[in-house]
Amino acid sequence: MKILLVEDEAALASMLNKGLKEAGYEVTVAPDGLIGHEMAIKNQFDVMILDIMLPGLNGIQLCKQLRRQQIDTPILMLTALGTTENIVAGLDSGADDYLVKPFHFAELEARLRTLARRKSAGNNNQPEVLQIGGLTLNTSTRAASLNGEPITLTATEYRLLEFMMHNRGRVLSRMELLENVWGIDFNMSTNVVDVYVNYLRKKVDTNPTQKLIHTMIGMGYILKEDKKS
């Protein structure tokens, strides 16, 4: 994976550069926003890591400029400011994820893997209409229906259902679901996956003879047809 790291704090940039390279990533480091912009438009990267507080061109400005230039490389924002306003500003500028300093290196790696997978999935020409049993999901319109009747989903429920439908028939661990559905606030000890799976069950498992979401004790969840007579 090729990564562009735009970070002006020398000690942090050096630490991240060393850690990412040791983990097998190919890293290019830019010390400010202007150099980062030049590198971003002249080279192909799988993921970009942008600090928000950058000289020359800050991370918000850089992200907006790259998006205006139709560069859709996944962007992870780094900042010491974890307020709601800063998170919203980062995401509204076109960033895909947000990580507040200080952070554990393992969490950074997990988020990078998630962003890379999302980009790969988006380039695989996935079908616009996903279906299992009587459940249908149109990934273009984000409309869901069960046996022809529309289902109202929240944004998080939609992302969870879409990921499970793309991976139907495969056991998905809680960690895998966290990394792929909850990119911004995911916490390894949270029970948010179980909570949202239960929300989904109330909407898609209304027919007792056609259960779709199954718990695999000690492993996670699987989406598959289970017709009962």
Inspect segment 49-65 for any residue being touching a residue at least 24 places away in the same chain (Cβ under 8 Å) and under 25 Å from GLU176 (Cα atoms) and give the result as yes or no.
yes
Among the residues of segment 137-180, write down those that are surrounded by 19 or more Cβ atoms within 10 Å (Cβ to Cβ) and in contact with an Asp or Glu (Cβ under 8 Å, 6 or more places away or on another chain).
LEU137
Got at least one residue in segment 194-215 being aromatic (Phe, Trp, Tyr) and open to solvent by less than 20 Å² (accessible area, probe 1.4 Å)?
no
When you check VAL6 against the structure, is it among the aliphatic types (A, V, I, L, M), over 19 Å from ASP72 (Cβ atoms) and within 23 Å of the chain's Cα centre (by Cα), yes or no?
no
Scan (1) touching a Gly at 6+ places or on another chain (Cβ under 9 Å); (2) modelled with pLDDT under 80 for the single condition MET77 breaks and write down its number.
(2)
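The values are calculated or read from the model by the stated rules, or taken from the named source; none is laboratory data. Model, not experiment: these values are computed from the prediction. Here the Cβ is made from the backbone with ideal geometry for all residues, glycine too, and neighbour counts use every protein chain on show. When the accessible area is computed, the model is the full protein with side chains, heavy atoms only, and any ligands, DNA or RNA have been set aside. Shrake-Rupley method; radii C 1.70, N 1.55, O 1.52, S 1.80 Å.
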